[in-house]
Amino acid sequence: MPMVEQKILEILKRVYDPEVPMSIVDLKVVTEEDVKTDGDKITVEFSPTTPFCPLGGAIGVVIKYALEKELGRPVEVKVKPGTHIQEEYLNETLSDESKYREALKRFSDAGLLSHCVQG
């Protein structure tokens, strides 16, 4: 596995599911196959813990926040096709900068970012 992809997985080992006290890598929310790099472009797909996961959007926001904070560059984060009932809505929130920033502020104000992103 290329160095950038290894680094991404190392960062995500410090990102915890909002409901389960385990990293999203240990829960297989993000696996090695879900991390793709193409030149400067980084794409990470994730599978919420269930198709009806009420915090599926939060997981995506936390992944994007942790990676962009650590790597200092934009990262595309998407729900893996067919893994969540609100896949289209969640992907829209993650890809629209204003919607993402709004969700990020809500989650930050609620303490979710500090709860889910370790170190």
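Of the set (1) outside any helix (DSSP H, G or I); (2) more than 17 Å from residue 94 (Cβ to Cβ); (3) not aliphatic (A, V, I, L, M), all apply to residue 33 but (1).
Residue count for the range 59-78 under the criterion of being surrounded by 13 or more Cβ atoms within 10 Å (Cβ to Cβ) and over 15 Å from residue 44 (Cα atoms): the result is 0.
Go through the residues of the range 93-103 one by one and say whether even a single one is at pLDDT 95 or above and assigned to a loop (DSSP other than H, G, I, E, B). Within the range 93-103 (the criterion being at pLDDT 95 or above and assigned to a loop (DSSP other than H, G, I, E, B)), the answer is yes, since at least one residue qualifies.
Restricting 81, 51 to residues that are surrounded by fewer than 17 Cβ atoms within 10 Å (Cβ to Cβ), touching a His at 6+ places or on another chain (Cβ under 6 Å) and in a loop (DSSP other than H, G, I, E, B) narrows the list to 51.
The values are calculated or read from the model by the stated rules, or taken from the named source; none is laboratory data. In this text the structure is predicted, and so the values were computed from the model without any measurement. Glycine also receives a Cβ, built like all others from the backbone with ideal geometry; neighbour counts cover every protein chain displayed.
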